[in-house]
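A short worksheet on the structure shown next.
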Amino acid sequence: MVTITNGKVDVLVNKKDLSKVERSQIEDIVVRKVGCQLGDVVISSIKTEE
């Protein structure tokens, strides 16, 4: 899930842990698609019980 408010982007990923590569890929996509600065992106990972 992604929310964008006043140029700040919050990304919530349904995964317990993200590797550095996965985090970098998400950051790259968000910065490219939204046009924001990397410092405006916050990525949080959670894994809900099934």
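The values are calculated or read from the model by the stated rules, or taken from the named source; none is laboratory data. Predicted model, so just to flag it, every value in this text is computed and none were measured. Neighbour counts are summed over all protein chains in view; Cβ atoms, including those assigned to glycine, are modelled from backbone coordinates with ideal geometry. Note: accessible area is taken over every heavy atom of the protein model, side chains too, but ligands, DNA and RNA are not part of it. Shrake-Rupley method; radii C 1.70, N 1.55, O 1.52, S 1.80 Å.
Here are a few things to note about the model shown:
- Scope segment 1-39; condition part of a helix (DSSP H, G or I), open to solvent by 60 Å² or more (accessible area, probe 1.4 Å) and among the aliphatic types (A, V, I, L, M); matching residues: Val21, Ile29, Val34, Leu38
- The residues of segment 40-50 that are open to solvent by 100 Å² or more (accessible area, probe 1.4 Å) and in contact (Cβ under 8 Å) with a residue 24 or more places away in the chain amount to a single one, Lys47.
- Flag for Leu12 being under 10 Å from the mean Cα position of the chain (by Cα) and touching a residue at least 12 places away in the same chain (Cβ under 8 Å): yes
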